Amino acid sequence: MPCVPDGPEQIAMRVKAWANEGINLILTTGGAGLPPRDRTPEAIVPILDREVPGIMEAARSYGQDRMPWAMMGRGIAGMIGRTLVITLPGSTRGAQETMDALCPFVPHVIKVHEHAFRHGQWPVPLSAGAVILRYLRPLAFATRPGAQRMINAREAMVEELVIHRVGTDGSPSVLTDVSAVLQGPEEQEFLRRLFLKPFASVAATHTFSAEDKKAANALQALCAKAEKGKDLVGVSRAIAKLLIDTAAEHEVRGGDLFVVRFHAVELAGGVHDAVGILKYDDKEIFLESKASGANIGMRLKRGLGGRRPDQALLVLFTPGEHTVLVIDDDPRNGFWQQAFAGLRTRQDHVNSTNNLLEMTRSFITEQLPQDYEIPRADQIDLLNRSVQYFKDNTEFDRGSFAREVFQSEEVIGSFERFGDRFQEERAVELEERFSISPDAVKKQARVFKSVLKLDKNFHIYIHGDRNKIERGVDEQGRKFYKIYYEQEL
């Protein structure tokens, strides 16, 4: 399922290209709400030959009976040649309900235009392809960036790499004058696994911060040279010297420093060139075996294979601000992210997802028990509902989230006040609406504990219907939980 960036130009270009291929039906999800960044209708309307307003009028009428704020949707529908384009809501529920409303009629629309084409009314060539429901060739979907994994390295190419030995702990440094280019399929697969796979689990994004708006920091300037295709060896030597100089004021171990130039790294659906800066403090021990005649010799060696770097940066050359993914085994000392790289948190959908989930967890586990007498099982239920909202939707709306999770107006008010304090104390911005990052949800869900611990005897994992658990006290004053279930697995 292709993912299209938020920009109206990119959306329009992709949709028009699909229409030119003779695709019958194009469905987009997301970008049709009220937030300023939601620009899908504005992208689609100029490229339509004719709007078909009745389609989305029917969908909104259908949705209004089931969701009070369905009227806030700005979805549109229309024809490009004989291609029907429909813009669906970003939420899973909204998209499903829209399709429930339209599915009985969409095949008829396609059939009418197939008939019109066969009678010479449309000068668009009919392309070959599989048929669905007798009329529909494969459907094309355009989704918002939050709907896919943040980084995908399957098609990436490691173009060039340089290795230096940095002696930041008093040991000598060795800065090389040569680079390596390994182009074989086996070598490329190994290098992708070594240098890019460690970033797959990173669920936060950063960018470079400058002392002022006109001046870039030192590492940012060096990465900009790499982006322009400058001599990677010279750039990597400058990066190594910057690291050594910066480490003089910190307790940092020496190690192997790799500077790697990448091509075609996919980030949230967009493809970008990138540069990696990876530092390995230690090497792995592995056993090498070699046959010689009737004997097999063995010896231990040290090298790199599956080991994760101790510190690393992946600088993706995204439009506007560069996007930086970080690996840092010791983030508290401030060396790698602040002193050396000069990074700040990026204001994007990834960090918006992280911030809202972290704030929600803090509210439920810390603030809510102070405001109300709330059983631990009810806290777990709220945590589960919070995470489920983020899993079920591609777009976050703070108002609908609070209503769906907390329901009580009094609790919602407490949640909003806590959010204001959270923003001020953490120096973060909690957006009202944003695209949800599945990677950030997956990582945050790990710390949303759903375990009910009773003394030291029992742990109860609560993942389902809270109504199947009852809490009480018997006549002898012993506390108990009563659990209902349908099947013992």
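What follows is calculated from the coordinates using simple rules that are stated; it is not laboratory data. The structure displayed is predicted, hence computed values, not measured ones. Ideal geometry is used to build each Cβ from the backbone, glycine not excepted, and the neighbour counts take in all protein chains shown.
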Have a look at region 305-437 and give its Rg and Dmax from the Cα atoms, expressed in angstrom. 17.6, 55
Cα atoms only, region 257-374: Rg and Dmax in Å? 21.9, 78
For region 202-307, what is the Kirkwood hydrodynamic radius in Å, using each pair of distinct C-alpha atoms? 17.3
Across region 17-31, in residue order, what do the Karplus-derived ³J(HN,Hα) couplings come to in whole Hz, using 6.51 cos²θ - 1.76 cosθ + 1.60 with θ = phi - 60° and x for Gly and Pro? 5, 4, 4, 5, 7, x, 5, 6, 9, 10, 10, 10, 10, x, x
Rank VAL233, GLY276, ILE244 by how far each Cα sits towards the positive end of the charge dipole of region 218-302 (+1 on Lys, Arg Cβ; -1 on Asp, Glu Cβ) and give me just the farthest. VAL233
Directionally averaged projected area (convex hull, Cα atoms, region 333-396), nm²: 6.3
Let me know the whole percent of all Cα-Cα pairs from region 387-437 that are separated by more than 13 Å. 61
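Could you tell me which chymotrypsin sites (Phe, Trp or Tyr not before Pro) in region 340-409 are loop residues by DSSP with no more than 15 other beta carbons within 10 angstrom of their beta carbon?
Sparse-neighbourhood loop chymotrypsin sites (Phe, Trp or Tyr not before Pro): TYR372.
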When only Cα pairs under 8 Å and 6 or more residues apart are kept, what is the percent relative contact order across region 151-290? 36
Collect residues whose amide H, placed 1.01 Å from N in the peptide plane, falls under 5 Å from the amide H of GLY255; neighbours closer than 5 in sequence don't count. VAL166, THR168
Can you list residues from other chains, or at least 5 along the same chain, whose modelled amide H is less than 5 Å from the amide H of VAL271? none
Output ³J(HN,Hα) for region 262-269: one whole-Hz value per residue in order, computed from phi by the Karplus curve 6.51 cos²θ - 1.76 cosθ + 1.60 with θ = phi - 60°, and x for Gly and Pro. 10, 10, 6, 8, 8, 10, 6, x
Backbone HN-Hα couplings from phi across region 470-486 [Karplus 6.51/-1.76/1.60, Hz, Gly and Pro as x]: 10, 10, x, 9, 7, 5, 8, x, 8, 7, 8, 10, 10, 10, 9, 8, 9
Amide H of GLU395 versus every other amide H placed in the peptide plane: which residues, excluding those fewer than 5 positions away on the same chain, fall under 5 Å? SER91, THR92, ILE436
